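Asker: Sharing a structure, written as structure tokens. Questions coming.
The values are calculated or read from the model by the stated rules, or taken from the named source; none is laboratory data. What you are looking at is a predicted structure, and each value in this text was computed from that prediction instead of being measured. Cβ coordinates were reconstructed from backbone atoms using ideal geometry, including for glycine residues, and neighbour counts include every protein chain displayed. Accessible surface is based on the protein model in full, side chains and every heavy atom, while ligands, DNA and RNA are left aside. Shrake-Rupley method; radii C 1.70, N 1.55, O 1.52, S 1.80 Å.
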Amino acid sequence: MSSESLTKAQQVAVQRWKLGHHAFHIYLVSMNDRLARLRSVLQDSEDWSAAPELLRVLARLYDASTASMRYAADFPSAQYDGLIRPSMSPPWLSAGFSGRFNSDHDKMLTALKQLRSTLKSSVRRGEATPEVTAAAAELWRAQSRNRAAHKLICEKFVPGGRSLLKEYFENTAETTQ
Amino acid sequence: MSDNEHADYDLIAPISLPENGIAPTAPGSQEQTDDVAEYDAYFRIEHTEMAPRAWAATVKSVFKDVSQDLPETSLDNEEKARLLDGMAIVLMDSLVSDTACEPRKGGRVA
């Protein structure tokens, strides 16, 4: 199927949706690398001097990933309804397709959760310096901004929040009752 | 007899549970693997072993296309700045890795 069959507006929607996700994944992979380095510093070393800068750069990458999500969704909701959403549904894809199947994002969230736990323990033991605590707070703020932005994007394209995955679960529940 | 054994009246045998509180499973069910594979295929992503040079080429290609399109978008200046800031971080990382892998020529850093 060639792009010549699409209008210019449709081409822009497809390009931004997929290219935006490519950028998103690049930021995620970069975050995962830094999260692994940070885990090494915090768990295997007594010298935490590298930790604040790693945390600050992670916050910047998280904000960049949020901006890439905005870029990926920068097209009218009519294009999402008419072209993008159907392309993620049967017969093209399995029912219930979801961003939750993003393995790089899953790795990042898991590593971030472990990091939060490690830092909480170190704060309780009085081991985390003020610089580490402040840098970590910047990272958690970046995560909050990301979640808020994601909610807005979902609301833009799916007012009322009926994602493909939710739709699939609801339909499956109805047919099994 | 310990206090616990006394309270159980020998009726209860102790059990072990995973230390991390998560039931051990095979690393990813087939359904999960299929979902991830479908996600990757839809977004034209291939997870594979990558040399630093190939990673640098991927990063440059994606960021070139995004940055060329950026002026046409409705992203505000702060959003654009954050996107570009992230690009600078990743591009610098990829440049450092790529340069570190290049063979030295006549004592100069390649």
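Asker: Springs between alpha-carbon atoms under 10 Å, Gaussian network over chain A: tell me which of A:G20, A:G126, A:G82 tops the mean-square fluctuations.
Answerer: Result: A:G126 has the largest fluctuation of those listed.
Asker: At most 14 other Cβ atoms within 10 Å and a DSSP loop assignment: could you name the chymotrypsin sites (Phe, Trp or Tyr not before Pro) in the stretch A:31-128 that fit?
Answerer: Counting only loop positions with at most 14 other Cβ atoms within 10 Å, the chymotrypsin sites (Phe, Trp or Tyr not before Pro) in the stretch A:31-128 are A:W92.
Asker: Sticking with this structure for a sec: Can you work out the Karplus-derived ³J(HN,Hα) for every residue in the stretch A:51-67? Use 6.51 cos²θ - 1.76 cosθ + 1.60 with θ = phi - 60°, whole Hz, and x for glycine or proline.
Answerer: 5, x, 5, 4, 5, 5, 5, 4, 4, 5, 5, 5, 4, 5, 5, 4, 5
Asker: Moving on to the next point. Cut-off 10 angstrom, C-alpha nodes, Gaussian network model of chain A. Which of A:R145, A:R124, A:R16 fluctuates the most?
Answerer: Among A:R145, A:R124, A:R16, the largest GNM mean-square fluctuation belongs to A:R124.
Asker: Kindly compute the accessible surface that chains B and A hide from a 1.4 Å probe when together, both sides summed, and give it to the nearest 100 Å².
Answerer: Chains B and A together bury roughly 3100 Å² of accessible area.
Asker: Something else now. If you take the beta carbon distance between A:Q43 and B:R53 as r and set R0 to 30 Å, what does 1/(1 + (r/R0)^6) give as a FRET efficiency, to the nearest 0.05?
Answerer: FRET efficiency, A:Q43 to B:R53: 0.45.
Asker: Before I look further, what does the stretch A:1-114 give for accessible area per residue, probe 1.4 Å, in whole square angstrom?
Answerer: Accessible area per residue: 47 Å².
Asker: For A:H105, tell me the accessible area in Å² from a 1.4 Å probe, rounded to the nearest 10.
Answerer: We get 50 Å² for A:H105.
Asker: Pull out a ≥ b ≥ c, the square roots of the eigenvalues of the alpha-carbon gyration tensor of the stretch B:33-81, then state rounded if a/c is under 1.5, prolate if not and a/b is larger than b/c, and oblate in the remaining case.
Answerer: Verdict is oblate for the stretch B:33-81.
Asker: For chain A, modelled as a Gaussian network with Cα springs under 10 Å, which listed residue fluctuates most, A:A134, A:A51, A:A59?
Answerer: Fluctuation is largest for A:A134.
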